[in-house]
Amino acid sequence: MEQYNVVEITLPKKTIYRVHQNNIFSGFKIEYRESQKKNTIESRRRSNSRAKKRIQDLINLNFTNDFSFLTLTYRENLMNIELSNKVFTSFIRRLKYYLKQKKTFTNFKYIAVLENQKRGSIHYHIICNLPKYINFKDLIKIWNKTIKQNKNIKTKGGSVKIKFSEDSHYNSENLGFYLTKYLTKNFNNPLFCGKKLYFCSKNLKKPIRKNHLIDFKNKDLEIENVIKELEEKLLIDTTKILKYNSYINPYTNKEIFFLEIKNN
């Protein structure tokens with residue numbers, strides 16, 4: 001069973017270090033305190049924060065150059081999240097099959113976040129790698145056919161919008177903000193509590209993660225001591241520190257130190 005207190009996450013442009021004051025045992029979940037179990041809002045806030053970090057990391061790894069924005073909406077004022085997500089996954093399955101049949105583009109990958117419109121209806125914001133030569137009319141047909149074949153949706157049809165990176169002002173740095181802002185917006189909506197709010201394809205590149213167990217000489221850690229220990233034991237280059245801070249782990253009430261290092 002692995003034991004560690006430092007997590008190292010490598011991304012294309014930077015490496016992130018998270019230093020825990022207490023050792024973590026892989027395979028075991030840290031116990032919640034009773035007060036935290038009951039605090040649904042706090043739990044959702046932590047979950048939302050983790051999701052935003054994960055999406056940003058995945059975007060930095062997978063959508064740095066050419067990418068496309070896809071928006072899927074329903075004609076019906078659909079507010080049932082489970083039903084909507086079922087339709088969405090069916091659409092993705094049909095789209096993959098369509099691309100496979102075309103044999104010109106088989107490595108389709110995406111990250112999608114759902115949002116409810118002002119009228120209440122759910123729609124999806126998707127960042128993906130669909131090429132510019134994709135037949136837009138076919139996309140509309142696939143989406144509408146998927147909606148039509150679901151018997152639980154009365155008003156058939158919907159719309160599809162697509163935009164490509166070269167026609168937008170987004171890059172990999174602000175792209176994450178574009179997508180994760182919808183997670184923040186959904187946070188205050190009680191209808192979204194406990195629901196699946198984002199989707200990622202399985203073929204996305206994942207950040208490289210390493211766990212380390214370091215015997216810190218000074219048990220009462222301060223950020224200066226943490227940096228010195230990481231420099232000595234993990235050979236980090238302190239001249240390339242982008243930022244550092246600390247926050248309280250809500251599960252243990254212990255401080256976690258956060259450090260970003262610029263890669264060569």
Would you be able to tell me the number of residues in region 209-227 that are more than 13 Å from TYR17 (Cβ to Cβ) and modelled with pLDDT of 85 or more? 5
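Out of all the residues in region 197-213, is one or more in a helix (DSSP H, G or I) and either loosely packed, with under 13 Cβ neighbours inside 10 Å or outside the structural domain of ILE127 (by TED's automatic domain parsing) (or both)?
In the first step, residues of region 197-213 are kept if they are in a helix (DSSP H, G or I); the result is none.
Checked region 197-213: no residue is in a helix (DSSP H, G or I) and either loosely packed, with under 13 Cβ neighbours inside 10 Å or outside the structural domain of ILE127 (by TED's automatic domain parsing) (or both).
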Across region 167-192, which residue is modelled with the lowest pLDDT among those that are closer than 19 Å to ASN60 by Cβ and among the charged types (D, E, K, R)? GLU173
Scan the strands (runs of 3 or more DSSP E) fully inside region 61-170 and keep the ones with 3 or more residues being over 30 Å from ASN263 (Cα atoms) and in contact (Cβ under 8 Å) with a residue 60 or more places away in the chain. 68-74, 110-116, 158-164
Subset of region 237-264 [part of a loop (DSSP other than H, G, I, E, B) and out of contact with any Ser or Thr (no Cβ under 8 Å at 6 or more places or on another chain)]: ASP237, ASN249, PRO250, TYR251, THR252, ASN253, LYS254, ASN264
Hey, among the residues in region 89-115 that are of a type in the set (Ser, Thr, Tyr) and under 27 Å from GLN56 (Cβ atoms), which one's surrounded by the fewest Cβ atoms within 10 Å (Cβ to Cβ)? THR106
Give just the number: which of (1) at pLDDT below 95; (2) aliphatic (A, V, I, L, M); (3) more than 13 Å from TYR198 (Cβ to Cβ) does LEU114 not satisfy? (3)
Residues located in region 129-160, provided they are of a type in the set (S, T, N, Q) and either in contact with a Cys (Cβ under 7 Å, 6 or more places away or on another chain) or surrounded by fewer than 18 Cβ atoms within 10 Å (Cβ to Cβ) (or both): ASN129, ASN135, ASN144, GLN149, ASN150, ASN152, THR155, SER159
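The values are calculated or read from the model by the stated rules, or taken from the named source; none is laboratory data. Quick caveat, the model's predicted, so the values are computed rather than measured. Counting neighbours? That spans all protein chains shown, and the Cβs are built from the backbone with ideal geometry, glycine included.
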